[in-house]
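What follows is a short report on a single structure.
The values are calculated or read from the model by the stated rules, or taken from the named source; none is laboratory data. Every value quoted in this text rests on a predicted model; they were computed, and no experiment measured them. Every residue, glycine as well, gets a Cβ built from its backbone with ideal geometry; the counts of neighbours run over all protein chains shown.
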Amino acid sequence: MGMRYDRQRALGLIGSRQKLLEKGRAVIIGVGGLGTNCAEMLARAGVGKLVLVDRDRVELENLQRQALFTEKDIGKYKAKVAAAMLEKINSEIKVEAVVKELNADNAGLLKSDIVLDCTDNLETRHLINEYCSREKIAWVHASVQGAQGMVMSFVPGNGICYNCIFRDSFAKQTTKTAGILNTTVKAVASFQVTEAMKILTKQEAGKEMLHVNLWKQTLERIKVKQDKNCNVCNGKYKLI
């Protein structure tokens, strides 16, 4: 077991910081395409405690892109199936499955060292943003649609939040209406987990929004700035 993370420790970017990953607690909201792939990578990287939050059950159409599930899992709760698989992948970590939808009443589930937003629901993202802004918890947003995706880290003290960029945006287009390429999920999840690992190891996360287009093979960094009139940055919350 002691050799499990040798290749990771050999990387100067991690090295002795591996101990920080092993002490880390990460909460993943949404155990779908992004969530399952992020959870698997974090588990293999040795993040000490993973909390998986999702109320849904596995469906056949999920198998096109959602890691950790098989045909035998159809009808079972995603969070529970994923947790059981992760424990088989890495018995050295702790995994908690929470079969609930995140809402204002249970937002305390977000208490952690890092939150990964793996949902496709904008209202949930705004709830995550408000709670993490208030409690000074770092979180990494990611979204995917078609062959494109976005990733951005929100770290306390960086002077910008999700609401600064997507103020009052609660449109609800999902992968069911827009479709998705499974390679998009893998790529975007990789960027999201890398940002989470930077934060967990107390290194500087990206300050720009990353836009990925798998089909066109393009990466674009988008500079964003704080909205001085942002309610959340000014301590005014709608959802918590």
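Of all residues in the range 225-237, those satisfying the criterion of being surrounded by 13 or more Cβ atoms within 10 Å (Cβ to Cβ) and either under 20 Å from the mean Cα position of the chain (by Cα) or not acidic (Asp, Glu) (or both) are Gln226, Cys230, Asn231, Val232, Cys233, Tyr237.
Yes/no matrix, rows are residues, columns are (1) within 11 Å of Ala142 (Cα to Cα); (2) of a type in the set (Gly, Ala, Ser); (3) surrounded by fewer than 17 Cβ atoms within 10 Å (Cβ to Cβ):
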position	(1), (2), (3)
Val185	yes, no, no
Val188	yes, no, no
Lys198	no, no, no
Glu204	no, no, yes
Leu214	no, no, no
Glu220	no, no, yes
Lys223	no, no, yes
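Only one of the numbered conditions (1) in contact (Cβ under 8 Å) with a residue 60 or more places away in the chain; (2) on the phi > 0 side of the Ramachandran plot is not met by Leu68, and that is (1).
Contact annotation: residue pairs with Cβ atoms under 6 Å, 6 or more positions apart or on different chains, pairing a residue in the range 1-25 that is buried (at least 17 other Cβ atoms within 10 Å of the Cβ) with a partner that is β-branched (Val, Ile, Thr) and modelled with pLDDT of 95 or more, are Gln8/Ile14; Arg17/Thr201; Leu20/Thr201; Leu21/Val47; Gly24/Val47.
If you go through the range 33-58 and keep only what is over 19 Å from Lys88 (Cα atoms) and in contact (Cβ under 8 Å) with a residue 60 or more places away in the chain, you end up with Gly33, Leu34.
Any idea which residue in the range 47-92 is nearest to Val188 (Cα to Cα), counting only those that are aliphatic (A, V, I, L, M) and in a loop (DSSP other than H, G, I, E, B)? Walk me through it before giving the result.
Within the range 47-92, the first condition is being aliphatic (A, V, I, L, M), and the residues that meet it are 47, 50-53, 58, 60, 63, 67-68, 74, 79, 81-86, 89.
Still in the running and in a loop (DSSP other than H, G, I, E, B): 47, 58, 67-68, 74.
Working: Val47: 19, Val58: 21, Ala67: 14, Leu68: 17, Ile74: 25 Å.
Among them, the one singled out is Ala67.
Within the range 23-35, can you find the residues that are part of a helix (DSSP H, G or I) and either small (Gly, Ala, Ser) or touching a Phe, Trp or Tyr at 6+ places or on another chain (Cβ under 8 Å) (or both)? Result: Gly33, Gly35.
Of the set (1) surrounded by fewer than 23 Cβ atoms within 10 Å (Cβ to Cβ); (2) within 18 Å of Gly235 (Cβ to Cβ); (3) at pLDDT 95 or above, all apply to Ile93 but (2).
Here is a yes/no grid of residues against (1) more than 16 Å from Val140 (Cβ to Cβ); (2) not β-branched (Val, Ile, Thr):
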site	(1), (2)
Gly15	yes, yes
Lys23	yes, yes
Asn37	no, yes
Arg44	yes, yes
Val47	no, no
Leu60	yes, yes
Ala79	yes, yes
Glu87	yes, yes
